[in-house]
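Novice: The structure's right below; bear with me while I get my questions together.
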Amino acid sequence: MKSGVGRIDAKFAALKQEGRAGLGVFITAGDPDPATSAALLKGLPGAGADMIEFGMPFTDPMADGPAIQESSQRALKGGMTLKGTLELVRGFRGGDQTTPIILMGYYNPIYSYGVDAFIDDALAAGADGLIIVDLPPEEDDELCIPALKRGLGFIRLATPTTDDKRLPKVLTNTAGFVYYVAIAGITGTASAAADAITGAVERLKRHTELPVCVGFGIKTPQQAADVAKVADGAIVGTAVVNCIKDSLDAGGKASDSTVSATLDFVRSLADGVRGARG
């Protein structure tokens, strides 16, 4: 069974054969509590998620908007740690060997954990790639190169302000796919126009043979479908995290509907993505 970046490559090859884009879903590990988070993680593939971005909770997630910041705070308050995040991945892998899991977050907790130990433990748990938003290409020796040498994909972000001069640097040492951030700024605050996304994906495709996925600002099944017409994947985070938040009880705890309501929303997104190309 493929693992690491090989599992990501296999997923996109399968999607290409199916003639469709994939749906990536972001949730924060441990939000709103470890047990509910495990149930959500386990249910996502059946609801139509082709790939999972699993947020590593952090006290200062500077690239994230209020919704994901709050999800991190809920997770940390519930006792979630980086080691606990990897345990959730390990539990997921016990029943699913094909859905890629990308760990998304910030470098500080990994640095504190120890880079080599983190890479060892992430691979052993069944993680396939990393998105570390505060490590630019100039810092590749810190984590990117060691991860790639071990087969753990390192996925880079490209933004509307990443010009053609900067792109080759951004794409160097990138593996798995390229994540195009469709808006300038933090997550969950705006949505990009479909024609702007089309132009951006076409430009990225001129620079790389890697799949191009688009995220930030996708809130509805229709927006996911619009992205899926032109990109290799649509990634939805804030809207899913808001669905979790909206299902919580008055005390901020998981309710009977938290898992079912969130997975129903993911199904609607998956329907949009799967029907996008007719």
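Novice: What pairs in K42/K219; K11/K42; K169/K205 have C-alpha atoms more than 20 Å from each other?
Specialist: K42/K219
Novice: At 222 nm, what value in deg cm²/dmol follows for the chain if DSSP H runs of at least 4 each add -39500 (n - 2.57) and the sum is divided by all its residues, to the nearest 500?
Specialist: Counting only the DSSP helices, I get -14000 deg cm²/dmol.
Novice: Please turn the phi angles of the range 2-11 into ³J(HN,Hα) values with the Karplus equation 6.51 cos²θ - 1.76 cosθ + 1.60 (θ = phi - 60°), one per residue in order, whole Hz, x for glycine and proline.
Specialist: Each residue's phi maps through the Karplus curve to give 5, 9, x, 4, x, 5, 5, 4, 5, 5 Hz.
Novice: Which label marks the calculated value of semi-axes √(5λ) of the Cα gyration tensor in Å, given the options (i) 35, 23, 18; (ii) 25, 23, 18; (iii) 37, 23, 19?
Specialist: (ii)
Novice: Put +1 on the Cβ of every Lys and Arg and -1 on every Asp and Glu Cβ in the chain; which of V230, I145, Y111 then has its Cα farthest towards the positive end of the dipole?
Specialist: Projecting each Cα onto the dipole axis, the largest value belongs to V230.
Novice: Can you compute the charge dipole magnitude of the range 5-274 about its Cα centre, using +1 on each Lys and Arg Cβ and -1 on each Asp and Glu Cβ, nothing else charged? Give it in debye, rounded to the nearest 20.
Specialist: Rounded to the nearest 20 debye, it is 460 debye.
Novice: Set Lys and Arg Cβ to +1 and Asp and Glu Cβ to -1, take the dipole of the chain about its Cα centre, and tell me which of G19, G199, G215 lies farthest positive.
Specialist: Result: G19, furthest along the dipole toward the positive end.
Novice: Now for a different question. Express in nm, to one decimal, how much length is gained between N173 and R150 on full extension, taking 0.36 nm for each residue of separation and deducting their alpha carbon distance. Mind showing how you got there, number by number?
Specialist: Numbers: separation 23, 0.36 × 23 = 8.28 nm, distance 1.30 nm.
Residue separation times 0.36 nm, minus the Cα-Cα distance, leaves 7.0 nm.
Novice: Using a basic spin-label model with each label point 7 Å from the Cα along Cα→Cβ, how many nm lie between E142 and A117?
Specialist: Inter-label distance under the simple model: 1.9 nm.
Novice: At 7 Å along the Cα-to-beta-carbon direction for both A124 and K165, put a label point, then send me their distance in nm to one decimal.
Specialist: So the two model labels end up 4.6 nm from each other.
Novice: Among 52-60, 35-43, how do they line up by average Cβ neighbours within 10 Å per residue, starting with the highest?
Specialist: Put in order of decreasing packing, that is 52-60, 35-43.
Novice: Using per-residue counts of other Cβ atoms within 10 Å, averaged over each peptide, order 195-201, 91-97 from highest down.
Specialist: 195-201, 91-97
Novice: What is the distance in Å between the Cα centres of the range 237-278 and the range 63-96?
Specialist: Result: 16 Å between the Cα centres.
Novice: Which parts of the range 71-93 would a label at K253 reach, counting a residue when its backbone N lies under 15 Å from a point 7 Å out along Cα-to-Cβ?
Specialist: 78-79
Novice: Let's test the formula: R0 of 30 Å, r as the Cβ-Cβ distance of R267 and A10. What FRET efficiency results, to the nearest 0.05?
Specialist: Efficiency computed from Cβ-Cβ geometry: 0.80.
Read the figures in this text as sums done on the coordinates, not as results from a lab. Note that the structure is predicted; figures quoted are calculated from it, not measured. Please note: Cβ atoms are built from the backbone with ideal geometry, for glycine as well, and neighbour counts cover all protein chains shown.
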